[in-house]
Amino acid sequence: MGRPALLSLLCCLVAVAAAEAQPNLLSLAKSDPKAAFGAWLRQNGKESERDLGARFEVFKANVEFIDSYNTQHASSHQLELNEFADMSWQDFARTRLGFDATQQATSRQNRGRTPFRHANANPPAAIDWRDHGAVTGVKNQGACGSCWAFSATGAVEGINQIKTGELVSLSEQQLVDCDTVTGNAGCGGGLMDWAFEYIKKNGGIDTEEDWGYYSGWGFGTWCNRRKLADRHAVTIDGYEDVPKNDEYALKQAISQQPVAVGICASPAMQFYRGGVIDTCCSELNHGVLAVGYGTDEATGHPYYLIKNSWGGSWGEQGFFRLKYGTSKEGLCGIATTASYPVKTSPNPSVPSMCDPFGWAECPSGSTCSCNWPFFFNLFCIRHDCCPLRGGVGCDDNQHCCPADAPVCDTQAGTCSSTDGQKTVQWTAKAPASYDFTGGSSSSDESAAPNVAQMAKMYSSMHKMQMITSAQKPQGIQQQEVQE
C-alpha cells in the first residue's frame, strides 16, 4: 500500500473514531461528568480557558438537556456535545445569532410587495446547489451577531455562480464594517434584505480573499473606503421577497437559486448533530441560507437543506436539515421572510490589489509584483505591475514572465517553461498606482488613527524609495542586476 493510500486510510480511521467518540463522551458525561468535561476540554483545546468551574456547571446542565432531548427525538435527529457544550443558551444566542426580526417586519411593510420571478417554476423532486457548484465552503461567524451577512453573501455567491459559472467567495467583513447606513449594525445584528440593498447601491461587493473576516474573533476593523472605490468583484441588480407563508413558493425559489431565509434557532440547534429537525420555535432570530431540499431515505421526511455559519464541525459538516411541509409559516418560520438577490448584469473588471489596505493596485488582468521588499520580505514599499495574468517577477525587479514560462533568464531577457520546450521574451513591468487617501476612513474611531498613521508612514517610505531610485545612476542599477 502506497503512502497516499495509507494517509487516506488514516484520515478515514480518524473520522470514524471522532464520530464514535461523541456517544461515548455523552455516556461518560452521565456517569462521570468531571472526567467527561476534562476529555471535552482536551478535544476542543480549551484546557487553558478561564472560569472552568462555571463552565463545568453549564456543561453538566447541557448534558442533561441533550440526553433528555435525544430520548424524545431519537427517530428523527440527534444532539451532541459539540464545541458549544460549555455555553449557556443565553451566551450562545447573544454571540452566534443576529437576525433582527423587528426591523425585518418594518422593512417589508414599508417596501410593500415585490415581484416573484419564480412563480412559474416547476421544482424538481430534489435539488442540492452544492452539486451544481453554487455553494462556497462553510464559514464561521464566530462570536459576532453577523449571521445576516453570511446569509446574504451566500445568496449572492450562489446567483453569481449560476449566472457567470464562477464561484467566488465574498466578503462578510465588508458588510459588517461598511453596511451601517441601511440599518445593519455589524456584530449587533441586521437583515439580509438590507445587505442586498447595500451591495446594489455600492455597485458590488469585494471578495473574501481581499477583505477577510476577523470580527468573530475580537479584532476591530474599519470600513476601507479605498477598497470601496473600485473593489466591486460581484454585483447584483436588486432582490425580491418570496411570498410570505407559502412553503411551495419557497420551494420554487430554492429550485432556481440559493435563498436567504430567517429562522428561529432554538436551544436544541446549538447542539445539533444530524438528522431532520422536526420541532422548533417561531420567533425569528437567525439568518441562514437554503441551498436545497429533498427527502430523507431513513424517515421519509421531506426537508430543506440549509447552510449555517457556525463552522464545518457543527451539524452535518456545517449544514442542517429542516422538515418541509409542516405549516404555512414553515418549521422555525422559514417561509415567513425569505428573499433572494437578482442578477442580470455582468461583473465589472476589478483591479489587482497589491496590499491588504488597497493602497497599491494594478490594472485588471495584471499581476502585482514587489519591487522593494523590506523587513524580511514581509512588507513591500513599492509594487510594480506585470501586465500578464499570473505573471512571475524576474530577479531584476523590472521584468516578468508568463505563468506557463516562469523561468527568467536575466542575461538573455527571456522566459522559459520548466521543461525548456517554450521560450519567449520577457515583459517589462510598470509602476503600480497608489492612493493613500481612502484606506483609513473608519466607522471604528479606535481603529482609524492607527490605519491613518500606517498610511502616512507607508506613503513617506514609498516616496523616499522613488526619489532614491530616480537619483541612482542607471549603471549602478545594471551592475546590481548582473551581480
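None of the figures in this text is laboratory data; all of them are computed from the coordinates on show. Here the structure is a predicted model, which is why all the values come from computation and not from measurement. Virtual Cβ from ideal backbone geometry, glycine too; neighbours counted across all protein chains shown.
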(message) Cut-off under 18 Å on the C-alpha distance; same-chain residues fewer than 8 positions from K422 excluded. Which aspartates and glutamates are left, in chain and number order?
(response) D404, D409
(message) Using a Cα-Cα cut-off of under 17 Å, which lysines could be cross-linked to K46, ignoring same-chain neighbours fewer than 8 residues away?
(response) K34, K60
(message) Using the Kirkwood radius over C-alpha pairs as Rh, can you work out the diffusion coefficient of the range 72-125 via Stokes-Einstein at 25 °C, viscosity 0.890 mPa s, in µm² per second?
(response) 152 µm²/s
(request) Work out Dmax and Rg for the range 241-299 from the C-alpha atoms and quote the Rg first, both in angstrom. (result) 12.5, 33
(request) Distance between Cα centroids, the range 206-254 to the range 117-191: provide it in whole Å. (result) 6 Å
(request) Bin width 5 Å, alpha-carbon pairs only: give the P(r) of the range 145-237 as whole percents, running from 0 to the bin holding the largest distance. (result) 3, 15, 29, 28, 18, 6, 1, 0
(request) Quick one: check the C-alpha center-to-center distance for the range 343-374 versus the range 23-77, whole angstrom. (result) 48 Å
(message) At a 10 angstrom cut-off on C-beta neighbours, averaged per residue, how do the peptides 192-204, 36-48 rank from highest to lowest?
(response) 192-204, 36-48
(request) Can you tell me the order of 308-314, 423-429 when each peptide is scored by its average per-residue count of other Cβ atoms within 10 angstrom, highest first? (result) 308-314, 423-429
(request) Set the Förster radius R0 to 35 Å, insert the Cβ-Cβ distance between R113 and E297 as r into 1/(1 + (r/R0)^6), and round the FRET efficiency to 0.05. (result) 0.35
(request) Could you list the square roots of 5 times each eigenvalue of the Cα gyration tensor of the range 333-377, that is, the equivalent ellipsoid semi-axes, sorted largest first and rounded to whole Å? (result) 39, 17, 6
(request) Can you pull the one-decimal nm distance between simple spin-label points at A412 and D395, each 7 Å off the Cα toward Cβ? (result) 1.5 nm
(message) Could you work out how much longer the chain between A403 and E209 gets when fully extended? Use 0.36 nm per residue separation minus the Cα distance between them, nm to one decimal.
(response) 67.8 nm
(message) Going Cα to Cα from K200, which lysines come in below 26 Å? Please leave out same-chain ones fewer than 8 positions away.
(response) K139, K163, K227, K244, K251, K307, K343
